[in-house]
Amino acid sequence: MVNVIQVRDGLMRATLHGQLTADDLAEIARIAAEIETRMPVSPDRITDMSRVSGITLDFTAMEAFAAKRRNAPLKNRVKSAIVAPQPLQFGFARMYQTLNENRDIVIELFRDEASALQWLEASVPVEVQRT
């Protein structure tokens with residue numbers, strides 16, 4: 001899988017491609033922690049899963065990834081939008097949302113990037129219609 005994680009306009013953007021594996025999740029967690037450590041403020045983030053064609057990992061790998069993010073020492077509360085238009089992507093994102101209990105991360109799932117960006121740009125949390 002080719003993952004691109006960058007910070008642009010104060011927003012951490014992760015774009016995922018191809019097959020998603022446990023190794024990919026470990027690398028995503030490592031890069032996110034590195035970015036969060038070096039920035040003066042923990043940035044809001046968007047993860048685009050729309051180009052993920054398959055997911056080859058089990059619950060144990062997902063729980064390990066969620067544990068890393070659950071224990072991430074953030075400098076402030078952040079919003080995390082996950083774009084997951086397909087059922088497999090959305091189900092995976094929902095599992096992550098359920099497992100990540102970090103009080104400083106508010107996670108919402110979206111079927112399209114425009115809705116995710118609108119929620120991220122709102123100064124107060126926007127009510128999301130669950131699908």
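The values are calculated or read from the model by the stated rules, or taken from the named source; none is laboratory data. Remember, predicted model here, so these are calculated numbers, not experimental data. Here the Cβ is made from the backbone with ideal geometry for all residues, glycine too, and neighbour counts use every protein chain on show. Ligands, DNA and RNA are stripped out before the accessible areas are found, and what is left, the full protein with its side chains, is counted by its heavy atoms. Shrake-Rupley method; radii C 1.70, N 1.55, O 1.52, S 1.80 Å.
Filter region 6-28 down to residues that are more than 18 Å from Q89 (Cα to Cα) and in a strand (DSSP E or B), then give me how many there are.
5
Within the set of pairs 6+ apart or on separate chains, which have a first residue in region 5-26 that is crowded, with 17+ Cβ neighbours inside 10 Å, a second that is among the basic types (K, R) and in a strand (DSSP E or B), and C-beta atoms under 6 Å apart?
Here the result reads M12/R45, each pair linking region 5-26 to a residue that is among the basic types (K, R) and in a strand (DSSP E or B).
What tally of residues in region 29-44 results from selecting those that are open to solvent by less than 20 Å² (accessible area, probe 1.4 Å) and either closer than 18 Å to Q97 by Cα or not in a helix (DSSP H, G or I) (or both)?
4
For region 76-124, how many residues are over 15 Å from M12 (Cα atoms), basic (K, R) and either under 14 Å from the mean Cα position of the chain (by Cα) or in a helix (DSSP H, G or I) (or both)?
Residues that pass the stated criteria total 2.
I need a count of the residues in region 45-73 that are touching a strand residue (DSSP E or B) at 6+ places or on another chain (Cβ under 7 Å) and either part of a loop (DSSP other than H, G, I, E, B) or free of Cβ contacts under 8 Å to residues at least 12 places away in the same chain (or both).
Number satisfying all stated conditions: 1.
Taking the criterion of being more than 13 Å from L16 (Cβ to Cβ), at pLDDT 90 or above, open to solvent by less than 70 Å² (accessible area, probe 1.4 Å) and touching a helix residue (DSSP H, G or I) at 6+ places or on another chain (Cβ under 7 Å), would at least one residue in region 45-64 satisfy it?
No; the residues of region 45-64 include none that is more than 13 Å from L16 (Cβ to Cβ), at pLDDT 90 or above, open to solvent by less than 70 Å² (accessible area, probe 1.4 Å) and touching a helix residue (DSSP H, G or I) at 6+ places or on another chain (Cβ under 7 Å).
Just to be sure I understand, how many residues within region 97-107 are out of contact with any Leu (no Cβ under 9 Å at 6 or more places or on another chain) and of a type outside the set (A, V, I, L, M, F, W, C)?
4
In this structure, does R111 turn out to be in contact with a Gly (Cβ under 9 Å, 6 or more places away or on another chain) and of a type in the set (D, E, K, R)?
Considered against the rule, which asks whether it is in contact with a Gly (Cβ under 9 Å, 6 or more places away or on another chain) and of a type in the set (D, E, K, R), R111 comes out as no.
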